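Note sheet for the following structure.
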Amino acid sequence: MARLVQLWRRLGFEQKVAAVAAVLLIVSTFGPFSMVEAGVILTALGVLALLRARAEGRRFHLPFGDGTVILAAAGWAALLIVTRLFDRPFGQNVLALACAALLAAAGLRERAIRPRDDLPSPAPAPPPDPDMGGPVAEEPVTVPLAADEDATAALPRTTSRPRRGPRPQGPPRPR
């Protein structure tokens, strides 16, 4: 039990919402049981397994990220629930669809705030030396306004121009 509490504390808010929605989705399958309910339970258990692995700090790649996978699981669960819409009590269907909607909302929010690719980014390469024939670095350059433009209406525009070699060591340019 203490282990579950530790794992729960490591989850983010959206992940906690997804976990609660998955557990409620499992609870909503009680009653008349068929292969559809088994599919809903397996889908919810898959979401819980994903969240547990992330809470334990395991690193693995999902093609579109955790949020998209949770969203797809919610869509699949909703589709399964709709197929059994007329075979189950109305209240149980509403609860199950509400749980699937909550799971979908958590997946959407997770997708919006977390990067879609969970692979660690590669270490940044040192900047190439232009004197050694490496690629040319770009630096922003301020373009002065034309004489007929209103200086108070527009901010200075910046463009990128290639930087070739060291900067000239002259007096500073007026802005």
Problem - Residue pairs meeting the criteria (Cβ under 9 Å; at least 6 apart or on separate chains; first closer than 14 Å to residue 106 by Cβ, in segment 38-57; second outside any helix (DSSP H, G or I) and of a type in the set (Asp, Glu)) - result: 54/118
Practice task
Pairs only if they're at least six apart or on different chains, beta carbon under 8 angstrom, first in segment 1-21 and hydrophobic (A, V, I, L, M, F, W, C), second outside any helix (DSSP H, G or I) and modelled with pLDDT under 90; list them, first residue then second.
Solution key: 7/56; 19/11
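The values are calculated or read from the model by the stated rules, or taken from the named source; none is laboratory data. Since the model is a prediction, treat every value here as computed from it, not as a measurement. Note: ideal-geometry Cβ built from the backbone for every residue, glycine included; neighbour counts use all protein chains shown.
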